Structure formats: structure tokens, C-alpha cells
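What follows is calculated from the coordinates using simple rules that are stated; it is not laboratory data. Bear in mind the structure is a predicted one, so any value in this text is a computation, not a measurement. Glycine gets a Cβ as well: all are built from the backbone with ideal geometry, and neighbour counts include every protein chain shown.
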Amino acid sequence: MTKIRAKICGVKTPQDIAVCAEADAAYIGFNFFAKSPRSVDIPTATQLAVDAPVGLAKVALVVNFDNEALDAITASVPLDMLQLHGAETPERVAEVKARYGLPVMKVLGISSAEDVAKIDLYAQVADQILVDAKAPKDAVLPGGNGVTFDWSLLRAKKYWQCPWMLAGGLNPDNVAEAVRATGVRQVDVASGVESAPGVKDPELIRAFVAAANSV
Ligand SMILES: O=C(O)c1ccccc1NCC(=O)[C@H](O)[C@H](O)COP(=O)(O)O
């Protein structure tokens, strides 16, 4: 069975990253959305990324950032991928890819079949798609809300023109079922491996990666 590649989003400390590496996660996410309890500033992310073990892909999560903000991040933080978590258009995805020369993962929030249908368009320009739960209407954050969506919406289409990753309310207790139900080979988690908002729990990280690979 192929390994399930796990992304642990919102790491903030060297200890978080050491646990991700030891647990055999594939990606770590640095969150630059200032209102998030998981956010890191550029100097902190730079130091964490420089010190991160080789082999962990380093992803920057940004929400509707302009070129000036992205220039500042990419000039300082050594990165493997940019994650666009806002309302970026396919044209903006293409522009970011061309400007920074980094793979781009576009996040799409799902709550209906119409949302699923939109993935095709983005899959033609992005390097990866992160299929996430749509944020609840009253949510302060556009992601990291710990809510799932109806995975059966993905039954009709389980692959696109680029690799994809599943997110939204995943945790050590439900990630194996999510992998079984959707056939996904990559999973992403933020709040589901935390003991409090923004505080990663080493045991939950280990349990999440192990459960994802238990299927
Ligand atoms: O996690 C955040 O605080 C966040 C804030 C703003 C935009 C996106 C954010 N998280 C994005 C992620 O990649 C999450 O891992 C994804 O939405 C799933 O979150 P969760 O349901 O908490 O696992």
C-alpha cells in the first residue's frame, strides 16, 4: 500500500517540527494569516524552515496576499510550496506560480456538488488542490475550523488533473475512514492534532499519521 502523505498545518515551534519528522509526516505548514492562533511571523518561520529536517516539505499558507506580502515571505523563508487559502482566481494562481517559481496548492472549500465541480478549473493551473471543508458562515478563520464536509460529494470524482489532498475536521479518530471513503492519498490537519487552539500535541500528531496509514 502506498504511504499516505500527511501535512501538519500551523506548526510554530522546533518541537512541533521534530515530532512531524519523527512521525513521518510529508509536509509542514507555516500559517501567515495574522488572525489565526497558528500564525507565525516571517522571522520565526524563517528560522523554523532553515532548521527543519531535509525531507519535510515546507508550505506557506497565505490568504489573498498581494505580491508585496508574498515577496517578503518568499525572500526570507526557504519554501517548497505556497498554499493559497483565500478567494484567489485561477488567473491569480497562475500568476503566483510564474512569479515565485514555487509549486502552488490552491485550497477549495466544499459544501456542495457545485463546489466540487469548480475543482476542475483550478486543477488545470495549480500543482495541487487542497479539498477542504467550506468555513462556516460565522467563522472568523477561512480554514482550521475543525469541521468536516460530506465526503460522499467526492464519490463522483476522486481524481483531477493534479494531485489532491483532503482536509476539514480530520483527526486521529476519523482520518482512516476519510482515506477509505475518498481514496485520497494525502491528508491535511490543523486543529485535529492540537490540545488547545494553536498548540500542537505530539501524541495526536503521531496518532494522526499512524491512523492515516493504517488503512
Ligand atoms: O488553521 C488556521 O488557523 C487557518 C487560518 C486561515 C486559513 C487557513 C487555516 N488553516 C488551513 C489549513 O490548511 C487547515 O489544515 C485546514 O483548513 C483544515 O483545518 P482543520 O479542520 O482544523 O484540520
Check: With θ set to phi - 60° and the Karplus curve 6.51 cos²θ - 1.76 cosθ + 1.60, what are the ³J(HN,Hα) couplings of segment 55-67 in order, to the nearest whole Hz, using x for Gly and Pro?
Finding: x, 8, 6, 9, 10, 9, 9, 9, 10, 6, 6, 8, 4
Notebook entry, point to check: So, by mean Cβ neighbours within 10 angstrom, what's the order for 82-89, 69-76, 50-57 with the highest one leading?
Noted result: 82-89, 69-76, 50-57
Notebook entry, point to check: Ordered by residue, what ³J(HN,Hα) values in Hz, to whole numbers, does segment 72-82 give under the Karplus form 6.51 cos²θ - 1.76 cosθ + 1.60, where θ = phi - 60° and Gly and Pro are x?
Noted result: 5, 5, 6, 6, 10, 8, x, 10, 10, 6, 10
Checklist line | Tail fraction, Cα-Cα pairs, the chain, threshold 32 Å, whole percent | finding: 9 percent
Item checked: Between segment 13-66 and segment 107-183, the Cα center-to-center distance that results, in Å -> 21 Å
Checklist line | ³J(HN,Hα), Karplus 6.51/-1.76/1.60, whole Hz, each residue of segment 208-215, x for Gly, Pro | finding: 5, 5, 5, 5, 4, 9, 8, 6
Notebook entry, point to check: Taking amide hydrogens as modeled 1.01 Å from N in the peptide plane, which residues meet the under 5 Å criterion relative to Val63, leaving out close sequence neighbours?
Noted result: His85
Margin query: If I model a spin label as a point 7 Å beyond the Cα along the Cα-Cβ vector, how far apart are those points for Leu121 and Asp80 in nm?
Written below: 3.1 nm
Notebook entry, point to check: For Asp16, Asp127, Asp41, what ranking results if the residue with the fewest other Cβ atoms within 10 Å of its Cβ goes first?
Noted result: Asp41, Asp127, Asp16
Check: How big is the antiparallel share of DSSP beta bridges in the chain, given as a percent to the nearest 5?
Finding: 5 percent
